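Data block below; observations after.
The values are calculated or read from the model by the stated rules, or taken from the named source; none is laboratory data. Computed from a prediction, not measured in an experiment: that's the story for all the values here. Cβ sites come from the backbone with ideal geometry, for glycine too, and all protein chains shown count toward neighbours.
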Amino acid sequence: MDRLRSAYRIAVIIGLAMMASLLVYAVIVGLLEKGAVELDAPAMAGHSLEPVKFVLIGLTVFIFFTIRVFNIRFLDAEGEQAKLLDPRLPSTPGVAPEFARLTTAAVVTYALCETPAIFGLVLFFMGRNSSDFHLFLLISLFFFAVYFPKYSQWEEWFRKQQGQRR
């Protein structure tokens, strides 16, 4: 269980680093909004940006459900996905190989959680409206709150794996 805890700590550090990138995005938007860097006119404005915003909101909703499905299928030891995966996935340094799938699933989850903030950043650069960015930033933070892996989930997965190997 010490190796599980160590792998979990590494995954948490990676997740916190990815969450810190959201702060970097907010600083960038804040500096650009205050005029610290001079920008050209927005690429799109007003009503022409609305369809793009709705498409990105739709993608965000899709991503929210995709994260859950990905984690279930990727971590399901009995599923078809597990048969396709090599049990010797390249591991994060310092993470025991038996926890590579957990770590990989966590990093992919973090990347998907960060995606709405990137959408907001794109909308900001296209239309220069910081409220679009802030909306998607909040959605991204919500995703992190919902899907940030808990140690108890990792323990449960590990126990299930141990039970199936016997």
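Contact annotation: residue pairs with Cβ atoms under 9 Å, 6 or more positions apart or on different chains, pairing a residue in segment 69-82 that is modelled with pLDDT of 50 or more with a partner that is not in a helix (DSSP H, G or I), are Asn71/Pro149; Ile72/Gly79; Arg73/Gly79; Phe74/Leu85.
Taken over segment 1-23, the residue count meeting the criterion of being more than 18 Å from Thr115 (Cβ to Cβ) and assigned to a helix (DSSP H, G or I) is 12. Quick one: would you say Pro51 is at pLDDT below 90, under 17 Å from Phe119 (Cβ atoms) and out of contact with any Pro (no Cβ under 8 Å at 6 or more places or on another chain)? Against the criterion (at pLDDT below 90, under 17 Å from Phe119 (Cβ atoms) and out of contact with any Pro (no Cβ under 8 Å at 6 or more places or on another chain)), Pro51 does not qualify.
If you go through segment 24-47 one residue at a time, how many are surrounded by 12 or more Cβ atoms within 10 Å (Cβ to Cβ), assigned to a helix (DSSP H, G or I) and modelled with pLDDT under 95? So the count comes out to 5. Picking from residues in segment 113-147 that are under 11 Å from the mean Cα position of the chain (by Cα) and of a type in the set (Gly, Ala, Ser), the one that is farthest from Val55 (Cα to Cα) is Ala145.
Within segment 105-127, the set of residues being touching a Leu at 6+ places or on another chain (Cβ under 7 Å) and at pLDDT below 90 comprises Met126, Gly127.
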